[in-house]
Amino acid sequence: MIELTELEHDTISELINIGVGRAASSLSEMVDQPVELTVPAISFVERFSDSELANAPTEVVSAVSQSFHGPFTGEAMLVFPEVRSLELVRSLLKVDVPLDTLTDLEQEALMEVGNIILNACLGSISNVLGEPINCSMPTFRKRETRALLDDDTAGASAATNPVLMILHVQFMLRQNDIDGYVLFVMDLESIQMLRELVRRFLANSLR
Amino acid sequence: MTKSQSAKGDQPPSFDLNRDSDAADLFAALLDTADTGLIALAPDGTICHWNQWMQSRSGKDADQVMGKALHDVFPDTKLGRVSLAIEDCLKFGMPAVISPSLNQGALPLRPLPQFAASFDRMEQSIRVHPIQTKRNGTLCSLIIRDVTLAVQRDRLLRQQAAELADLVTQTKRSEDRTRAILQNTIDAILVASDDGSIEPLNSRAQELCGPTGDPELRNIIRFLLPDSEHTPLTPPPPNRLLTDLGTGVIEVLASTLSGRNVPLEVAISHFSADQRYHYIITLRDISQRKRHEKEIQRTMQELERSNAELEQFAYAASHDLQEPLRMVSSYTQLLARRYEGQLDETADEFIHYAVDGTQRMQRMIDDLLTLSRVGRHGKPFNPVPLDNLFDAIVTNFRRAGSTPEGNIIREGHLPTVMGDASQLLLLFQNLVSNGLKYSDPKNGQVRIFASETSDSYRIFVADNGIGIDPQYHETIFEIFKRLHGYGDYAGTGIGLAICKKIVDRHGGNIDVTSKPGQGSTFCVELPKELSIVAASESM
Amino acid sequence: MPNTKSVLLIDDSKFARLLVKAFISSNFANWEIDEAEDGAKALQMVDAKTYDYMLVDFNMPGMDGLELGEKLRARFPGAVIALLTANIQQEIQKKAENLGLDFIAKPPTEDKIRDYIMSREATR
C-alpha cells in the first residue's frame with residue numbers, strides 16, 4: 001500500500017510542478033510560442049488497470065519512456081493518445097500539411113518533448129532531494145493502451161508488481177489544450193524510498 | 001584473444017586491446033572514421049574530444065577547440081537547448097535527445113555540398129549522453145548525425161502531400177460542379193456501353209428508368225442503339241415508337257408505372273473511353289410540343305373544313321342565283337327593246353336602271369363563281385413562261401378593243417414560274433385590267449417587270465392611275481371591298497380577291513405600294529420551290 | 001533586523017509555503033509570516049492586514065499568480081510583490097514586470113529567498 005501524508009503528496013506534486021514549469025519554459029523558447037504545462041492531478045495506483053488511461057484499452061497511444069535508476073528505480077513515460085500526440089507535435093512545429101501518422105522527424109521531435117519533460121521532472125526531484133538519478137536515453141513506442149507497460153526487452157522488471165504514479169499533464173498551446181499523462185512506474189521498494197527521501201528532506205528543511 | 005594468442009604460439013600478438021597504446025590507437029581511429037560527429041566534454045564543460053567529422057563539418061580543427069566550452073567555439077550561435085542539455089547532463093546525469101524539427105541547425109555545421117542550395121546549415125539529430133568515468137567523474141558526449149537528407153525528404157513529402165490535397169480539392173470541386181449540372185439538367189441523360197448496360201446518369205433518367213419509371217424503356221433504347229450485338233433485339237411495341245426511324249428525329253413514348261405517358265425525343269451521341277464504346281442517350285420530354293402540334297393540326301383541319309363549306313356555299317349560291325337572274329335579265333331586256341320610246345321618259349329611265357342592275361349582278365355572280373372555282377377547280381401546276389402569258393393577255397385586250405396600242409409595256413424578260421396557267425392568266429389579266437381601269441383612258445399605262453430573290457420571283461404590275469390611299473392597302477384584297485362608287489369605275493369588287501386567292505394557292509404573296517395620284521404597283525411574289533402545302537394541294 | 005516586517009505567502013502547495021516560510025524565518029527572526037492557499041483567500045486576508053511582502057505562486061487553481069498580482073498591486077502600490085514560478089517564459093516575465101512584480105524562479109532555495117529579501121530591504 002502506498003501511504004503518503006498530505007504534505008508528502010503535496011511535496012511530490014510541487015516538485016513535479018517545478019519540473020514541468022521548467023520544461024514548459026524550455027519548450028516555449030525552442031518553439032518560439034507560449035507553452036504552458038500544468039499538472040492538475042497526481043494519483044497513485046497499484047494496478048495499471050485502475051488508472052484512467054486503462055479505460056480505453058484498445059486506444060493507440062504514443063509514449064516516450066526513459067528508465068531511471070538511483071535511490072529509486074523505474075520507468076518514466078509521457079503518454080498521449082496517438083491523435084493528441086500528432087496534434088501536439090504539429091502545433092509545436094507549426095506544421096501546415098498534416099500527414100496521417102507521425103513521420104520519423106515528428107516522432108523524434110515528440111521524443112525530444114518527452115525527454116525535456118521527463119528530465120525536468122526527474123531533475124527537479126533529484127535536485128531538491130539531493131540524490132542523483134541516472135536515466136536512459138528516451139525510447140519511443142506506439143501501441144494499444146493495454147499493452148503499454150509490456151516490457152518488450154526482457155520482461156524481468158515487469159514481473160515484479162509495479163506501482164504507478166500517474167500525473168495528468170495538460171499542454172496549453174496557442175490554439176488548443178492537449179491532455180496527456182506522465183507515468184512513473186516503480187516497484188514498491190522504490191516508491192517507499194522516494195517517500196523516505198521526501199520525509200528526510202522535509203525534516204531537514206523545516207527544522 | 002586468448003584463443004588467438006595460443007594459436008599463434010609464443011609470438012606476441014600484433015595488436016592487443018589490453019595494451020593501452022593499442023586501445024587508444026584503435027579508439028581514436030574508430031572515432032575519427034565514424035560517420036557521425038563526436039564531441040566529449042569534461043565535467044567543467046570544456047571540449048576534450050572533437051573527431052575528424054566535427055573538424056570537417058565545422059571547419060574547426062581539434063587543436064582550435066580543445067579545452068574550450070562549446071559556446072566559445074561558436075560564439076555567434078545561440079546554443080539554448082544544447083547548452084541546457086549539456087548542463088543537465090553534467091549536473092544530473094540526464095541524457096537528451098535534440099531533434100532537428102525543434103532545433104533547426106542546432107550547431108553551426110556546414111551541410112554537404114549537394115544540400116548547400118536549400119540549407120544554410122546541416123540539419124542535425126543530436127544525442128547528449130552522460131559518461132561515468134572512474135577517474136574524472138561525469139563526462140558528457142554529444143553524438144551528432146547529419147539528417148539533412150531526411151529533412152529534405154520530409155519537406156518534399158509535405159510539398160507533394162499539399163499538392164495532392166490541392167488537386168483532390170480541385171478535382172472534387174469540379175466533380176461537384178459537373179454533377180450539379182448533370183443533376184439539374186431537365187433532359188434525362190443515360191450512358192450505354194457496348195456490353196449492353198444502360199446506366200441513368202441523372203435524377204430525371206432515374207425517374208424514367210427507375211422502379212416507378214417505364215420498364216420497357218431500356219429495351220427501347222437498346223433497340224435504338226446502332227450496335228447491340230451483345231443483346232438479342234426485341235423490337236418494341238409499334239405504338240411506342242412515335243416516328244419513323246428514317247427521318248433522324250427519334251421520338252418514343254415512355255409509359256411509366258406511375259401511369260403517365262411521356263413522349264420523348266431521343267438523341268444519341270457516342271464517345272470512347274477505356275477502349276470501349278459508349279453512347280450518351282438524351283431523352284427530352286416533348287409532351288408540350290406534342291400538345292401544340294396537335295392543336296395546330298386541329299385548327300388547320302377546322303379551317304380547311306370551313307373554307308370548303310364557304311366555297312361550296314358561294315358556288316351553290318351563285319350557280320342557283322343565275323337561273324332567276326337570267327329570267328329577270330331577259331325580260332327587262334325584252335321590255336327595253338319592245339317598249340323603249342312608247343312609254344314616258346321616266347319609264348324609259350327605270351327600265352334602263354333595271355337592265356343595268358341585272359347586268360351588274362350577272363357580272364358579280366360570274367366573278368363569284370370564278371372565285372369559288374379557284375379553290376375547287378384548280379389544275380395541276382406546270383412551268384408557265386410568263387412572257388407567253390403576257391403575250392396572250394395583250395392579245396386579249398386588243399381583241400376586246402378596250403385598250404389603245406402600246407399602253408401595256410413589258411420591261412425586260414419575264415421568268416417561267418410553276419403554276420396553274422389559266423389561273424395565272426386570270427391573275428395577271430385582272431391586275432392589268434385593274435391598272436388600266438383606274439387610269440386616264442387615253443394616257444393610261446401599265447408596266448410589267450420582274451425581279452428575283454434567292455427563293456422567289458417577283459412580278460410587278462405598275463400603273464400611272466389614281467393610286468390608292470395607304471390605309472386601304474390591306475383591305476383591297478378582301479371580297480366586295482370597293483373604294484369607289486359604282487358610277488365612277490366599273491367592277492364587282494371581287495377581282496383583287498380572286499387575285500389574292502390565286503396567289504395564295506400558288507404559295508405566294510401579293511401586295512401593293514401606292515400613293516394617291518401617283519399610280520399603284522402590285523407585286524406578285526411566287527416561290528421558286530413550291531412549298532409542301534402548295535404542292536400537295538396542286539396534286 | 002531591528003524592525004519586524006509582515007509577509008504573506010500565497011501558494012496552493014503547502015510544501016512550498018512551508019519551505020519558503022522556513023527560509024524566511026530562519027533568516028529574519030520575528031517576521032510575521034501568514035499563508036493563503038489561493039487568490040480568494042489572499043484577497044480576504046489583505047482586507048484585514050497590510051503586508052510588506054507578498055510572495056505569489058504563479059501556477060494556482062482558480063485565479064493565477066498574475067491576476068492576483070495585478071489586484072494586489074492595484075491596492076498596495078508600495079508593497080513588495082514577487083511572483084514565484086518555475087515557468088520562466090519571456091512572456092510571463094514581461095507581464096510580471098509590467099505589473100511591477102518581481103520574479104523569483106522556482107524551486108525556491110534558502111539562498112535565493114534570503115538574497116531577494118535582503119536586496120529589497122536595502123532599497124527601502
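I'd like to know which of B:Ala316, A:Ala41, A:Gly114 lies farthest towards the positive end of the charge dipole of the protein assembly as shown, counting +1 on Cβ of Lys and Arg and -1 on Cβ of Asp and Glu. Value: B:Ala316. Normalised Debye scattering of chain B at q = 0.05, 0.08 Å⁻¹ gives log10 I(q)/I(0) of -0.58, -0.84, counting only Cα atoms as equal scatterers and leaving out solvent. Dipole orientation for the protein assembly as shown: of the candidates B:Thr138, A:Ala23, B:Ala392, B:Ala392 has the Cα lying most toward the positive pole (charges on Cβ; Lys, Arg +1; Asp, Glu -1).
Each Cα pair under 8 Å and six or more residues apart adds its separation to the average, and for chain A the resulting relative contact order is 34 percent. Can you bin segment A:50-113 into rounded, prolate or oblate? Criterion: square roots of the alpha carbon gyration tensor eigenvalues sorted a ≥ b ≥ c, rounded for a/c under 1.5, prolate for a/b above b/c, oblate for the rest. In terms of gyration-tensor shape, oblate. Per the Kirkwood formula applied to alpha carbons, segment B:229-357 shows a radius of gyration over Rh ratio, Rg over Rh, of 1.57. Here is the size of segment B:188-285 from its Cα atoms: Rg then Dmax, 12.7, 40 Å.
Taken about its Cα centre, chain B carries a charge dipole of about 1220 debye when Lys and Arg each add +1 at the Cβ and Asp and Glu each add -1 at the Cβ.
Shape index of chain A: Rg/Rh, with Rg the Cα radius of gyration and Rh the Kirkwood radius from the inverse mean 1/r over Cα pairs, equals 0.96. Stretching the chain fully between B:Met361 and B:Leu167 yields a gain of 60.7 nm (0.36 nm per residue, less the alpha carbon separation). Amide H contacts of A:Thr73 (H built 1.01 Å from N, in plane; Pro and chain starts excluded): A:Asp187, A:Ser190 sit under 5 Å, all sequence-distant by 5 or more or on other chains.
Which order results if B:Phe271, B:Phe522, B:Phe390, C:Phe15 are arranged by neighbouring Cβ count within 10 Å, fewest first?
Values: B:Phe271 10, B:Phe522 27, B:Phe390 20, C:Phe15 24.
Placing the least packed residue first, the sequence is B:Phe271, B:Phe390, C:Phe15, B:Phe522.
The charge dipole of the protein assembly as shown, taken about its Cα centre with unit charges on the Cβ atoms of Lys, Arg (+1), Asp and Glu (-1) only, comes to about 1220 debye. For segment B:12-88, chymotrypsin sites (Phe, Trp or Tyr not before Pro) meeting the loop criterion (DSSP other than H, G, I, E, B) and having at most 15 other Cβ atoms within 10 Å: B:Phe15.
How much length is gained if the chain between A:Ser49 and A:Leu7 is pulled fully straight, taking 0.36 nm per residue apart and subtracting their Cα-Cα distance, in nm to one decimal?
Details: separation 42, 0.36 × 42 = 15.12 nm, distance 2.69 nm.
Separation in residues times 0.36 nm, less the Cα-Cα distance, equals 12.4 nm.
With a Förster radius of 22 Å applied to the beta-carbon distance between A:Ala56 and A:Asp100, the computed FRET efficiency rounds to 0.65. Can you give the angle from 0 to 90° between the axis of helix B:287-339 and the longest principal axis of chain B, with both taken from C-alpha atoms, to the nearest 10? Helix B:287-339 sits at roughly 10 degrees to that axis.
Mind checking the alpha-carbon convex hull of the protein assembly as shown and giving the volume per residue in Å³?
Working: hull volume 389.6 nm³, N = 870.
Looking at the protein assembly as shown, the number lands at 448 Å³ per residue.
The alpha-carbon positions of segment A:1-71 define a convex hull whose volume is 158 Å³ per residue.
Here the alpha carbons of segment B:292-377 define both size measures, Rg and Dmax, at 20.4, 72 Å.
The Cα-based radius of gyration and maximum Cα-Cα distance (Dmax) for segment A:110-153 are 13.0, 37 Å.
Can you tell me, using C-alpha contacts under 8 Å and at least 6 residues apart, the relative contact order of segment B:177-306 as a whole percent? Walk me through the numbers before you get to the answer.
On the way: 201 pairs, mean separation 28.7, N = 130.
Taking the mean separation of contacting Cα pairs over the length of segment B:177-306, I get 22 percent.
For chain B, averaging the sequence separation of C-alpha pairs within contact (under 8 Å, six or more residues apart) and dividing by the residue count gives a relative contact order of 7 percent. Each label point was placed 7 Å from the Cα along the Cα-to-Cβ direction; for B:Asp320 and B:His278 their separation is 7.3 nm.
Lys/Arg Cβ at +1, Asp/Glu Cβ at -1, dipole of segment B:292-377 taken about the Cα centre: which of B:Met361, B:Thr332, B:Ser306 is farthest positive-ward? Among B:Met361, B:Thr332, B:Ser306, the one farthest towards the positive end of the dipole of segment B:292-377 is B:Ser306. Taking the inverse of the mean 1/r over every pair of distinct Cα atoms in chain C gives a Kirkwood hydrodynamic radius of 14.3 Å. Dipole magnitude for segment B:351-455: about 340 debye, using +1 per Lys or Arg Cβ and -1 per Asp or Glu Cβ, origin at the Cα centre. Between 0 and 90 degrees, rounded to the nearest ten: what's the tilt of helix B:495-505 against the longest Cα principal axis of chain B? Helix B:495-505 sits at roughly 40 degrees to that axis.
Laboratory data are not the source of any read-out in this text; all were calculated from the coordinates shown. Only a predicted model underlies this, so the values are computations on that prediction, with no experimental measurement involved. Counting neighbours? That spans all protein chains shown, and the Cβs are built from the backbone with ideal geometry, glycine included.
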